[in-house]
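First comes the structure, then the notes that go with it.
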Amino acid sequence: MQIEANCVDLYNRKIFPAQVTVKEGKITAVEKIDAVLEHYILPGFIDAHIHIESSMLPPSEFARLAVCHGTVATVSDPHEIANVLGLEGVQYMLKNSEESPFKFYFGASPCVPATTFETNGATLGPKEIETLLNMPQIKYLSEVMNFPGVINGDPDMLAKIAIAKALGKPIDGHAPGLRGEDLDKYIAAGIMTDHEAFTYEEGLEKVQKGMKILIREGSAAKNFEALAPLIGDYPDRLMFCSDDRHPNDLAKEHINAHVKRAIAKGYDLFDVLKIACMNPVVHYGLEVGTLKVGDPADFIVVEDLKEFKVLRTVISGKTVSVAQEATMEPVRVETPNRFAAAIKQPEDFSVPVCGRTEVIHAIDHSLMTEEEIVDLSAGKKEDVLKITVVNRYEDAPPAVAYVHGFGLKNGAIASSVAHDSHNIIAVGCSDELIAKAVNAIVKRKGGICAVTEDTLHLLRLPVAGLMSDEDGLEVAERYEMIDRFARETLASPLEAPFMTLSFMALLVIPELKLSDKGLFDGTAFHFIDTCRSGK
């Protein structure tokens, strides 16, 4: 294979017309030529932190969408499926990813379960973490979400970190809002990165103290605007990531969007591309080419250096997309699962009204929530709805609380994608509609759905209740339709109501969340009583 295009040389910070020669999957020559060329060749993009499962697609199908946007590799934390199926789930991701030429690099997830305050499907203890980290496919210790455990010397958490250190594997962080002395303790334990900074000041403190900051722009959490100013001063210490990306968003764009926005803001081209293409390779030790002789032939050809429209994506010398269409064939997808929830009745979601009540305030574009106290004694309040988490691993009574911010005027929405334990989560306008939505998920053993009294829209997710076994573009279209139904017909003001819903059970993100065991204070790390009547 020989390609002529303007070569974007990140090492020497130059652009020149070149002929790039590829043989047996490697770049064998990059020769400057005397020609006027229209297009540009550059290293492929890397998502430095993503949960593939959040795309609702298995790795092989995720890849067929991502390559169209110039992504050639991901650093992937499989803790979503690990929370459902344990080691079996991680092995599933490894096996399926091997069916694709795309370069997936997985981590060992140290927080499975994320906390002890919820029910999940499996546990990865130090023994399982050591097994994973000894596998060549496992490149790093995934995000250490239990930052209070690290700070307070939790033996289990520290044992997992010690294993990663002994094996020389990088250790990823997860520390939303962590500052000052507690941050110092967290870093001193060996934590190297963070993708949860949500203000410039937080990101600046972390990067100045030696962490590498992953600038995140996903389907729910969007921190690009806040953290982009770091690009000018700290390009060597940054990476781009999406963390969680739903299928409709992945069908539209990926890391190319980060790059395009950064260039539009006036940041240096070579700095931006170093962040997108090179820094993850160096930090995680990835076998991904950066367009130099002897490297694997992993690169993209783009129309220009402003819009970054991808004309061709090449991985290990194989063309995997042309004109933003994947050339890889789909593969057969197996459907392992774990689902034992039983059908619920409307009365299962009934709770006594007790006046002053703790209410979760959901925030658009954020994983964070706020705590509100609302007096419900006088009847139903504007945009205060019931939220429930139903244990999917055994038949148990649902946990029920209240939430503000979803804005549904009628109907209910439900999902078996509920980070990180992936029980069933639902929000609705009545007990009857909540029961209808939850039962639709139970009957199909996983999915997302939106209902009214006479309508039911559902996307099946038979792979661990998290991923589809169907064509990625069809899943994206189906998801887009259901999400739009929730926004338009049910009148939710949220930009991504299902993505926001999926994080209402994520206990490691403050302030207030709901697990299958009850309402949880994510700052103080304990359960709270929803009813404050008389206080």
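Here is a check on your reading of the model: is D194 of a type outside the set (S, T, N, Q), farther than 30 Å from A476 by Cα and free of Cβ contacts under 8 Å to residues at least 60 places away in the same chain? Taking the combined requirement at face value, the residue does not satisfy it.
Could you tell me which residue of region 191-210 is surrounded by the most Cβ atoms within 10 Å (Cβ to Cβ), considering only residues that are hydrophobic (A, V, I, L, M, F, W, C) and in a loop (DSSP other than H, G, I, E, B)? Before you say what the answer is, go through the steps one by one.
Filtering region 191-210 down to residues hydrophobic (A, V, I, L, M, F, W, C) leaves 191-192, 197-198, 204, 207.
Right, trim to in a loop (DSSP other than H, G, I, E, B) and you get 191-192, 197-198.
Details: I191: 26, M192: 18, A197: 28, F198: 17.
Filtering first and then ranking leaves A197.
Inspection of region 370-383 identifies no residue that is under 24 Å from V451 (Cβ atoms) and in a strand (DSSP E or B).
Taken over region 491-503, the criterion of being out of contact with any Phe, Trp or Tyr (no Cβ under 9 Å at 6 or more places or on another chain) and buried (at least 21 other Cβ atoms within 10 Å of the Cβ) is satisfied by A496, M499, S502, F503. crowded, with 24+ Cβ neighbours inside 10 Å, touching a residue at least 12 places away in the same chain (Cβ under 8 Å), under 25 Å from E143 (Cβ atoms) and not small (G, A, S) - does that describe any residue in region 445-459? Taking every residue of region 445-459 in turn, at least one turns out to be crowded, with 24+ Cβ neighbours inside 10 Å, touching a residue at least 12 places away in the same chain (Cβ under 8 Å), under 25 Å from E143 (Cβ atoms) and not small (G, A, S). Of the residues making up region 1-27, just one is surrounded by fewer than 16 Cβ atoms within 10 Å (Cβ to Cβ), over 17 Å from T319 (Cβ atoms) and of a type in the set (S, T, N, Q), namely N12. Please work out if H365 is touching a Ser or Thr at 6+ places or on another chain (Cβ under 8 Å), in contact (Cβ under 8 Å) with a residue 24 or more places away in the chain and within 27 Å of V508 (Cα to Cα). No. Only residues that are touching a residue at least 60 places away in the same chain (Cβ under 8 Å) and over 19 Å from A73 (Cβ atoms) were counted in region 252-263, giving 0.
Would you confirm, using the coordinates I've provided, whether T119 is part of a loop (DSSP other than H, G, I, E, B) and not assigned by TED's automatic domain parsing to the domain that holds L512? Answer is yes for this residue. Scoring N337 on the criteria (1) in a loop (DSSP other than H, G, I, E, B); (2) out of contact with any Gly (no Cβ under 7 Å at 6 or more places or on another chain); (3) in contact (Cβ under 8 Å) with a residue 12 or more places away in the chain; (4) not small (G, A, S) leaves a single failure, condition (2).
Yes or no: K160 part of a helix (DSSP H, G or I) and touching a strand residue (DSSP E or B) at 6+ places or on another chain (Cβ under 8 Å)?
For K160, the condition - part of a helix (DSSP H, G or I) and touching a strand residue (DSSP E or B) at 6+ places or on another chain (Cβ under 8 Å) - is met.
Restricting to region 295-323, count the residues that are of a type in the set (F, W, Y) and part of a strand (DSSP E or B).
Taking region 295-323 and keeping what is of a type in the set (F, W, Y), we get 299, 308.
Still in the list and also part of a strand (DSSP E or B): 299.
The qualifying residues number 1.
Regarding I255, is this residue aliphatic (A, V, I, L, M) and either over 23 Å from S54 (Cα atoms) or modelled with pLDDT under 95 (or both)? Even if it seems obvious, please write down each step before you answer.
On the way: aliphatic (A, V, I, L, M): yes; either over 23 Å from S54 (Cα atoms) or modelled with pLDDT under 95 (or both): no.
Answer is no for this residue.
Can you tell me which residue within region 253-294, out of those that are touching a Lys or Arg at 6+ places or on another chain (Cβ under 8 Å) and in a helix (DSSP H, G or I), is surrounded by the fewest Cβ atoms within 10 Å (Cβ to Cβ)? That would be A264.
The values are calculated or read from the model by the stated rules, or taken from the named source; none is laboratory data. On a predicted model such as this, the values are computed, not experimentally measured, just so you know. Virtual Cβ from ideal backbone geometry, glycine too; neighbours counted across all protein chains shown.
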